[in-house]
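Notes to accompany the following structure.
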Amino acid sequence: MAKNKTKLDPRTVRADGRGMTKDQRAARERALSDAMFTALTARTEKQATEWGHKADALKAGLTDAAVKRARKRAHELADEHPPGFIEAMQSMDLIEEVCADYGIETKDMDVLYGAVAQLCMFQLAAQRGPFNRAAEDFGLTRPASVVLALRDLVASDLAARDGNAVCDCPNCRPRKESELN
């Protein structure tokens, strides 16, 4: 007695992943690994969440072993690359494309990279510009609002501890006889 099997068209893959060919499953596993890697090396939490959702969608139709292999591959790649790696590589590729378009030589590219680095350092010192915002997002620097709040706190604390200030709190005034040991 022959079983009634429904054949799925291998060219169409359903959302749950059923009907994939072996090559499509392998491609989906590679895409899952790439999405996990991108989520692990994302520069901001928003990017990590976005790529995490894409990775969750790609897990459909893959076996637990395939998901485990993809996760292992993504973690191995992420261990070798710091957060923000993908954006840094895209930026470097962009600079190299521009240099190739305008015929800039390799030794001049080093000078160009040095100039970009100096500009980035200036933006950090001035606490303005796109590089400074990226550094804040990444956690390398404190946002200006935090810096200003800390300055105000330190200034008010120093003013309160000034001998001429009229403050009767236990931190500012001399201890009373009853407060001594």
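Diffusion of segment 28-157 by Stokes-Einstein, at 10 °C in a medium of 1.306 mPa s and with Rh set to the Kirkwood radius over alpha-carbon pairs, works out to 90 µm²/s.
Rounded to the nearest whole Hz, the Karplus-based 3J(HN,Hα) values (6.51 cos²θ - 1.76 cosθ + 1.60, θ = phi - 60°) of segment 69-80 follow the sequence 4, 5, 5, 5, 4, 5, 5, 5, 5, 5, 5, 8, with x at glycine and proline. Neighbours of GLY103 by Cβ distance under 14 Å: Lys/Arg scored +1, Asp/Glu scored -1, total -4. Relative to one another, the C-alpha centroids of segment 77-103 and segment 39-76 are positioned 22 Å apart.
Other residues within the sphere of radius under 12 Å centred on the Cβ of ARG30, judged by their own Cβ, net out at +1 (K and R +1, D and E -1).
Read the figures in this text as sums done on the coordinates, not as results from a lab. Keep in mind that this is a model prediction, so the values were computed, not measured. Counting neighbours? That spans all protein chains shown, and the Cβs are built from the backbone with ideal geometry, glycine included.
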